[in-house]
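The values are calculated or read from the model by the stated rules, or taken from the named source; none is laboratory data. Nothing here was measured: the structure is a model prediction, and the numbers come from that model. Neighbour counts run over all protein chains shown; Cβ positions are idealised from the backbone, glycine included.
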């Protein structure tokens with residue numbers, strides 16, 4: 001599968017919490033967990049059940065970065081702590097690569113101004129913040 005999303009995480013469905021319209025689906029990959037919110041129709045059409053292999057797709061601009069997450073609670077379900085491994089500078093935006101403790105990498109695209117303000121550079125501790133509604137789940141057909 002080739003996609004334009006910079007973040008592609010292959011894992012296994014570890015939990016499904018159904019609701020009236022939407023469901024929370026937890027995907028476990030390499031010791032990390034992501035929670036996605038999808039419609040119940042998607043749960044049914046994709047056959048999302050515990051133990052099923054799936055892939056999570058997240059576009060890099062949907063990944064926000066925080067350098068001082070201590071003492072804050074966010075409504076975003078996914079807060080992945082890691083370390084900046086590299087920054088690729090652009091004219092307007094920078095691509096920031098965050099390495100998680102599991103070794104997985106999360107890609108984020110932020111403005112150059114934000115990268116400078118946050119002091120993003122290799123070795124800096126960051127938290128990648130991803131809203132559950134920004135995660136697209138897929139399964140093999």
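Tabulated values for the structure
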| quantity | calculated |
| --- | --- |
| Residue check for residue 112: surrounded by 13 or more Cβ atoms within 10 Å (Cβ to Cβ) and free of Cβ contacts under 8 Å to residues at least 24 places away in the same chain | yes |
| Qualifying position, being closer than 28 Å to residue 117 by Cβ, outside the structural domain of residue 101 (by TED's automatic domain parsing) and either in contact with a helix residue (DSSP H, G or I) (Cβ under 6 Å, 6 or more places away or on another chain) or surrounded by 17 or more Cβ atoms within 10 Å (Cβ to Cβ) (or both), among 80, 48, 27, 34 | 34 |
| Residue in the stretch 122-138 that is in contact with a helix residue (DSSP H, G or I) (Cβ under 7 Å, 6 or more places away or on another chain), modelled with pLDDT under 95 and either within 18 Å of residue 16 (Cα to Cα) or not in a strand (DSSP E or B) (or both) present | no |
| Number of the exception - residue 68 against (1) touching a helix residue (DSSP H, G or I) at 6+ places or on another chain (Cβ under 8 Å); (2) not assigned by TED's automatic domain parsing to the domain that holds residue 15 | (1) |
